[in-house]
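> One structure coming up, written as structure tokens, with questions to follow.
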Amino acid sequence: MLMVGNLFIFMSFQMLIPTLPPYIKSLGASGLEIGLVTALFSIGAVLSRPFIGYMLEYRTRKPLVLAGAAALLAITIVYPLSSMIFIFLLFRFVHGLAWGFSTTVNGTAAVDVIPKSRLGEGMGYFGLSVTLGMIIAPSLGIYLFGVTSFNNLIYISCALGLIAIGLLAAVRYHTPQSVTNTKKEDLTFSYVGSLVEKLSWYPAFITMIATFGYGSVVTFIVIFGEERGIEQIFLFYLFNAIMASVSRPISGKWFDQKGPKGLIIVCSVLTFSGLWVLSFSHTNAGIAAAGILFGIGFGSLLPTLQSWTLSMTPDNRRGVANGMYFSAIDFGIGLSGIVFGILAQFVETGVLFQISSIFLLIPVVLTLLEGKLSKKEHLVLKENT
């Protein structure tokens, strides 16, 4: 139930992602302002997560999950009022605050019900709700953006959000005893302490680098299709979804049996290859091939990094670790939106994808250079798995 509810959350949100840049472009936005669509959203998400990570150290899960879903629905409803670029960007920042809240809570609620011995597999399955939402919904959004108005797109997004709230309300949640035994008075809030979990910062840092490389696709793939005259750009998301669904359970079991190192290297190389195939694509076949490589590579890379992050984290710090992981994603994509938004004024979009592919090789290098974990990290990893 939590997986399905989370899927509708991501469907509601992600169907807007590829359509917002061309929409704000139609309002007269510059390349930098198009980049800010992603960047301001990500900044809002990063700023909110330490607060919700702190709350997850002492609060039960259900009220927080429902509050996050309701906040996302509320901000989505007001998008049609944003005909001015400044107001639109302000809404994106507020939307980011709500997104940071919701994703942190939902991910923590999921890991709370998964046996530690099957953490990689369990988060792999839960991650399907994230990946499928991130892949299927954008293709649906692109299609609807082409055949109907932006306002109708918002109404459909809101309907999916309402379904998500109904599903999440029916979930039977589990809160760890270490959390229920903790009172707010026993804790001291530290923004930095709730932003970073020291034991698992390394996989979160790799996540930030990888998503920086992926951010160019999030922001510019629809514009890329328009430049190349590729009408079926949604095929990228379709084949991405299919291959991610097939590979995710396999990669989850690989993580539980052999650990994250080999997985990260293989998935990063596949994603790097996908970016180059995408950059040279002028046909639907090329777009589909890029989607296949992305589905296998990036579709398994993120849940692997999340499982690695959580496997090194004590139970009562899962909320903080989850927040750090998702903040790494949003920070990477958001910074990418600004950097590649500026570069887009000087180079063709295909070249942007080639430049961004470099950042998918950095996780390979970092993983190969990463030595043995410290004794303390080994003890936590052994205890949690």
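The values are calculated or read from the model by the stated rules, or taken from the named source; none is laboratory data. Not measured: the values here are computed from a predicted model. So basically every Cβ, Gly included, is an ideal-geometry build from the backbone, and we count neighbours across all protein chains shown. These accessible areas exclude ligands, DNA and RNA; they are computed on the full protein's heavy atoms, side chains included. Shrake-Rupley method; radii C 1.70, N 1.55, O 1.52, S 1.80 Å.
> Protein chains only, probe 1.4 Å: how do H282, H174, H95 rank by accessible area, largest first?
Working: H282 115, H174 90, H95 5 Å².
Largest accessible area first, the residues go H282, H174, H95.
> Would you calculate a helix-derived [θ] at 222 nm for the chain, using -39,500 (n - 2.57) for each DSSP H run of n ≥ 4 and dividing by the full residue count, to the nearest 500? Present the calculation step by step, with values, prior to reporting the outcome.
Working: 17 runs with 301 residues, N = 385.
Only helices count here, giving -26500 deg cm²/dmol.
> May I pose another question? Would you mind telling me the share, in percent, of accessible area of the stretch 106-229 contributed by carbon and sulfur at probe 1.4 angstrom? The partial results should precede the final answer.
Numbers: 3230 of 5250 Å².
Its accessible area is 62 percent carbon and sulfur atoms.
> Also, quick follow-up: Ignoring solvent entirely, what values of log10 I(q)/I(0) come out of the Debye formula for the stretch 113-153 at 0.21, 0.24 Å⁻¹ when each Cα is a single scatterer?
-0.66, -0.75
> Count neighbours as other Cβ atoms within 10 Å of each site's Cβ, and list the GluC sites (Glu not before Pro) in the stretch 181-244 that are DSSP loop with at most 14 such neighbours. Don't skip to the answer; put the middle values down first.
Working: sites: E185, E197, E226, E227, E231; in loops: E197, E231.
Sparse-neighbourhood loop GluC sites (Glu not before Pro): E231.
> Could I ask something else about it? How large are Rg and Dmax for the chain when calculated on the C-alpha trace, in angstrom?
For the chain, the Cα radius of gyration and maximum Cα-Cα distance read 19.5, 60 Å.
> I would also like to ask the following. Looking at this model, which pairs from K183/K258; K198/K253; K62/K253 are more than 31 angstrom apart at the alpha-carbon?
Details: K183/K258 38 Å; K198/K253 26 Å; K62/K253 29 Å.
Violating the 31 Å Cα-Cα cut-off are K183/K258.
> Could you tell me whether the stretch 225-370 comes out rounded, prolate or oblate from its Cα gyration tensor? Rule is a ≥ b ≥ c as square roots of the eigenvalues, rounded for a/c under 1.5, then prolate if a/b exceeds b/c, otherwise oblate.
On the way: a/c = 2.08, a/b = 1.54, b/c = 1.35.
Taking the square roots of the gyration eigenvalues as a ≥ b ≥ c, the stretch 225-370 is prolate.
> How much of the accessible area of the stretch 1-85, in percent, comes from carbon and sulfur atoms when a 1.4 Å probe is used? Spell out each step's value before the answer.
Details: 2130 of 2850 Å².
So the carbon and sulfur contribution to the accessible surface is 75 percent.
> If you line up the long axis of helix 119-147 against the longest principal axis of the chain, both from Cα atoms, how many degrees apart are they, to the nearest 10?
Here the helix axis deviates by roughly 20 degrees.
> Could you state the angle between the C-alpha long axis of helix 375-384 and the longest principal axis of the C-alpha atoms of the chain, as a value from 0 to 90 degrees rounded to the nearest 10?
90 degrees
> Tell me, what ³J(HN,Hα) does each residue in the stretch 340-349 have, in order and in whole Hz, if you take phi through Karplus 6.51 cos²θ - 1.76 cosθ + 1.60 with θ = phi - 60° and put x for Gly and Pro?
Each residue of the stretch 340-349 in turn: 6, x, 6, 5, 4, 6, 10, 10, 6, 4 Hz.
> Still on this structure, please answer the following. Could you tell me how many degrees, from 0 to 90 and to the nearest 10, lie between the Cα long axis of helix 85-112 and the main elongation axis, the longest principal axis, of the Cα atoms of the chain?
Helix 85-112 sits at roughly 40 degrees to that axis.
> Something else about it: Tell me, rounded to the nearest percent, the portion of alpha carbon pairs in the stretch 120-254 spaced more than 27 Å apart. Present the calculation step by step, with values, prior to reporting the outcome.
Details: 3996 of 9045 pairs.
Percentage above 27 Å: 44.
> Looking at the chain, identify the longest residue range that excludes and avoids all trypsin sites (Lys or Arg not before Pro) in DSSP loops having at most 11 other Cβ atoms within 10 Å. Before the final figure, lay out the partial values.
Details: sites that count: R172, K183, K372.
It works out to 184-371.
> Over the alpha-carbon set of the stretch 240-311, divide Rg by the Kirkwood Rh and report the Rg/Rh ratio to two decimals.
Numbers: Rg = 12.7 Å, Rh = 12.2 Å.
That ratio equals 1.04.
> Please give the per residue accessible area of the stretch 20-147, computed with a probe of 1.4 Å over protein heavy atoms only, in Å².
On the way: 4330 Å² over 128 residues.
Result: 34 Å² of accessible area for each residue.
> Would you mind working out the accessible area per residue for the stretch 176-224, using a 1.4 Å probe, and quoting it in Å²? Write out the running numbers ahead of the final one.
Working: 2180 Å² over 49 residues.
Accessible area per residue: 45 Å².
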